[in-house]
Amino acid sequence: MEETLSGKYRKNIRIGDLVDVVQKNHQRSGELTEGIVKRILTNSAQHPHGIKVMLDSGEVGRVKVVYVEEE
């Protein structure tokens, strides 16, 4: 069972993490895209709609879920 963290806080997100993001063009539908964080684009400590990141695939979106592997 994987633990998940909120994508609203920058402290929860690290480069290389597996995350679900909502891309700008999917905000209305809420369609999630899974990927690995390549860059963190939001500078502030938190954001109500999720921290904006770039995935390895080059896609950009706001993080909804951060997957954490349990030790």
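List of remarks:
- Residue match in segment 2-23 (condition: β-branched (Val, Ile, Thr) and in contact with a Ser or Thr (Cβ under 7 Å, 6 or more places away or on another chain)): yes
- In segment 1-32, the residues that are under 12 Å from residue 53 (Cβ atoms) and surrounded by fewer than 17 Cβ atoms within 10 Å (Cβ to Cβ): 14, 15, 16, 18, 23
- Yes/no for residue 11 being among the basic types (Lys, Arg) and part of a strand (DSSP E or B): no
- Counted residues, segment 47-71 - those being in contact (Cβ under 8 Å) with a residue 60 or more places away in the chain and either in contact with a Ser or Thr (Cβ under 7 Å, 6 or more places away or on another chain) or in a strand (DSSP E or B) (or both): 4
- Checked against (1) more than 16 Å from residue 16 (Cα to Cα); (2) surrounded by fewer than 16 Cβ atoms within 10 Å (Cβ to Cβ); (3) modelled with pLDDT of 95 or more; (4) not charged (D, E, K, R), residue 47 passes all but condition (2).
The values are calculated or read from the model by the stated rules, or taken from the named source; none is laboratory data. Everything numeric in this text was worked out from a predicted model, so none of it was measured. A quick note on method: Cβ atoms are made from the backbone with ideal geometry, for glycine too, and the neighbour counts reach across all protein chains shown.
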